[in-house]
1. Residues being within 12 Å of chain A (Cβ to nearest Cβ) and either touching a Gly at 6+ places or on another chain (Cβ under 9 Å) or within 25 Å of A:K119 (Cβ to Cβ) (or both): count how many of those fall in the range B:326-352.
2. Which residue out of B:A448, B:A443, B:A438, B:A454 is surrounded by fewer than 18 Cβ atoms within 10 Å (Cβ to Cβ), within 12 Å of chain A (Cβ to nearest Cβ), small (G, A, S) and over 30 Å from B:M151 (Cα atoms)?
3. Within the range A:64-88, which residues are more than 10 Å from chain B (Cβ to nearest Cβ) and of a type outside the set (G, A, S)?
4. Just for the range B:488-507: of the residues that are more than 9 Å from every other protein chain (Cβ to nearest Cβ) and under 18 Å from B:H561 (Cβ atoms), which one is surrounded by the most Cβ atoms within 10 Å (Cβ to Cβ)?
5. Given the conditions (1) under 20 Å from B:E569 (Cα atoms); (2) of a type in the set (S, T, N, Q); (3) away from chain B (no Cβ under 13 Å), which single one is not true for A:Q48?
6. Let me spell it out: the conditions are (1) within 14 Å of another protein chain (Cβ to nearest Cβ); (2) without any contact (Cβ under 8 Å) to a residue 24 or more places away in the chain, and B:A464 meets all of them except one. Which number is the exception?
7. Just checking, which of B:R363, B:R320 is among the basic types (K, R), under 29 Å from the mean Cα position of the chain (by Cα) and more than 10 Å from every other protein chain (Cβ to nearest Cβ)?
8. Check B:Q278, B:Q295 and return the single one that is more than 16 Å from B:S377 (Cβ to Cβ), polar (S, T, N, Q) and outside any loop (DSSP other than H, G, I, E, B).
Amino acid sequence: MKKLFGAAVLLLAAAVATAQEPKPAAQAAPAGNAETGATLWRNVGCWQCHGYEAQGGAAGPRLSGRNLPWTGFSAYVRRPANQMPLYTEKVLPTTDLAHIYAYVQSRPAPAQNVPLLQK
Amino acid sequence: MARKLSVDRRNFLKGAAVTGAAALVPDAVTAAAQAPPAEAGQAARPAAATAAREADPVVEVAGETTARPGGDFMVDVLKSLNIEYVASNPGSSFRGIHESIINYGGNTMPEFITCCHEESSVAMAHAYFKVEGKPMAVLAHGTVGLQHAAMAIYNAYCDRVPVYLMAGNSLDATMRRPGVEWAHSVQDAAAMVRDFIKWDDNPYSLPHFAESAVRAYKIAMTPPMMPVLIVLDGGLQEDPISPEVAPRLRVPKLTLAAPPQGDSGAVAEAARLLVNAQNPVIVADRLARTPAGIQRLIELAEALQAPVIDQRGRMNIPSRHPLNQSESAGQQIANADVILGLELTDFWGTVNAFRDALHRSSRSRIRPGTRLISINSVDLFAKSNFQDFQRYPEVDVAMAADAEATLPALTEAVKRLTTDDRRRAFQERRTRLEEAHARARQASKAEAAHAWDASPISTARMAAELWNVIRAEDWSLVSESGNTSGWAFRLWDFEKHHQHLGDSGGAGVGYGAPAAVGGALANKKHGRISVNIQGDGDFLYAPGVWWTAAHHRIPILTVMHNNRAYHQEVMHIQRMANWHQRGIDRHHIGTTITNPNVDFAKIAQGMGVYAEGPITNPRDLAPAFQRALAVVKKGEPALVDVVTQPR
């Protein structure tokens, strides 16, 4: 199973942006609160694969700093490809998903010119 | 085999004909053969009255000591096998050979390593092999010990690693001590692990032991390598080497079997496919049995200028070799027209994607017509019960052979078939791959910068800080590292065979900590800095191994990847809740290690290990790692507990 999750990362990053058939029309994101979204991010398990800061890892791609469009983001959560478990409206209402989206969008930009990463 | 009563033993010695020791017999045997001559006519079987007295231990006082027990000869055999260590939690069913090892054998070759759990003993031996390239021994009770050891044996079996297992037993029911010795005796000790070892025997005599001990070593070391088990009867260990048996005792010569190479016709066909391919891809998993395996893989890859995907069952290719394209594995597989799989655990899973959804599904990840070539020693030996063999791979060329041994012939065949036109095409491919490798390295560094200052600390930050501390040392990563998102592979410079040991094989949690200590034990005499990125859940299985590390002064720098959970299971429970559309916020129940949080530093300190933490501020990592490294350089274990992101 470890390899299943490991393999997922190879495909998920691309899938986030492209997995839906047919592609839904672009929509503006509903109003969301990043602070509420942070709580939801932890409560409903997003952090498990994407990290507390949405920085990504072997089990799920980075979502921070990507400026993902709401339409693709929300559609993917409802009908994910690959290994991500789906989140239905029943367990994660769109209003809550909008808070989570706001949290993801609020993540700070990566550190610049980190000396350890220049070596 | 049967343990003898003391009277019987005395009379047998008196009545036996004594002959000179055979040539080449060890010291223990020679001494036994030179016992005082027997008095004529006193070797008759005991009469009924005598036999009755034999059952009363008060009656007999003579013949209660021996200077040459069978265990001494067993030690001679082990010494001939060049076995450096025997890991063991002490047990009465092997008290005879235990005493022979420490007194007759001088507690060297093998040296007794005291363990607090048999699972630790086996996992230590497992990782020791992957550093040292030769088996380490384990001693265990034939019943309770083997059951404790079973999970670790299964890991070694799945990982195709030889472990030299010995288990004590008391077969003669009339000679067992009442009580515990009965509960610790068994008709067929190996039965409980026979499904996941390669070979076992239950020697009836010391000559039988000698042959089986050497045979077991040879079988274990012949690819596919796996654990083997010799059951040691208590009577054989403890009773004197009789003058009758002594002349028959000798240590058989050990000649390891040359690893099997692939059939020459199959090698030629594989070479033809690879040379003519537009996008050949080499995938390596448990390929490099030895350091030579790395060089052989590089030679083949460079002969073709083909990308290599390292599935990291072993240290197969340097992380910074430009043909190492592991970071783009999915893309390489999807574009390939020929794929060469070298000792793959799961060829099917390499070329197919499987979706873990309520309605499970799979799809091919390769283009129609892609040709698959497999070289795998596991095809030479299969068992049916445990299902570690994975889905059946439909390949085009299958060589039941050792891949490392086959690579030189394959490389030569590739070179013979390579025309100037193909060589130019190969060079163009090399240029593209070099550029892709450089881009992947830069991308990894850019990714690592995300959440750089986060708390809990990102696994990328932890790996980068650790690398900065050890990069100038002769280091060896003795742990698995998959659960930290592979950051060590993405940021560190892996080059040598001992710098990565693969994983557990069977994914049995509890392998990590003892395996790390076993790898560090092997690294000790080489003066290497052993580094262990340690999962918290794994640590808790058998934490007594840290006492073993402290007691035997095994230097190892352990960094806790403390995500306070059995995190894989957190994700699985989340998946179930999502599928069932209920309680998606209850994933922590039964999966997390909180309330209270475990203080790993205190546990380690209690075992005699230098320890710091828990560390939650990433800025505190570097000085803590430096202090711990200073301890390790003095020859001691040290631990730094880092509270981390989940992966």
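1. Taking the range B:326-352 as the starting set, the residues that turn out to be within 12 Å of chain A (Cβ to nearest Cβ) are B:326-334, B:344-346, B:348-352.
Filter again for either touching a Gly at 6+ places or on another chain (Cβ under 9 Å) or within 25 Å of A:K119 (Cβ to Cβ) (or both), leaving B:326-328, B:344-345, B:350-351.
Residues that pass the stated criteria total 7.
2. On the way: B:A448 fails: surrounded by fewer than 18 Cβ atoms within 10 Å (Cβ to Cβ); B:A438 fails: within 12 Å of chain A (Cβ to nearest Cβ); B:A454 fails: surrounded by fewer than 18 Cβ atoms within 10 Å (Cβ to Cβ).
Within the list B:A448, B:A443, B:A438, B:A454, the selection yields B:A443.
3. Taking the range A:64-88 and keeping what is more than 10 Å from chain B (Cβ to nearest Cβ), we get A:66-79.
A:R66, A:N67, A:L68, A:P69, A:W70, A:T71, A:F73, A:Y76, A:V77, A:R78, A:R79, listed by residue number.
4. Taking the range B:488-507 first, the residues more than 9 Å from every other protein chain (Cβ to nearest Cβ) are B:488-490, B:492-502, B:504-506.
Those still in the list that are under 18 Å from B:H561 (Cβ atoms) too: B:488-490, B:492, B:500-502, B:504.
Details: B:A488: 25, B:F489: 21, B:R490: 20, B:W492: 22, B:H500: 27, B:L501: 29, B:G502: 22, B:S504: 25.
Going through the qualifying residues, I end up with B:L501.
5. (3)
6. (2)
7. Details: B:R363 fails: under 29 Å from the mean Cα position of the chain (by Cα).
Just one listed residue meets the conditions, B:R320.
8. Working: B:Q278 fails: outside any loop (DSSP other than H, G, I, E, B).
Exactly one residue qualifies, and that residue is B:Q295.
Computed from the coordinates by the stated procedures, all read-outs in this text should not be read as laboratory data. Computed from a prediction, not measured in an experiment: that's the story for all the values here. In this analysis, Cβ positions are derived from the backbone assuming ideal geometry, glycine residues included, and neighbour counts consider all displayed protein chains.
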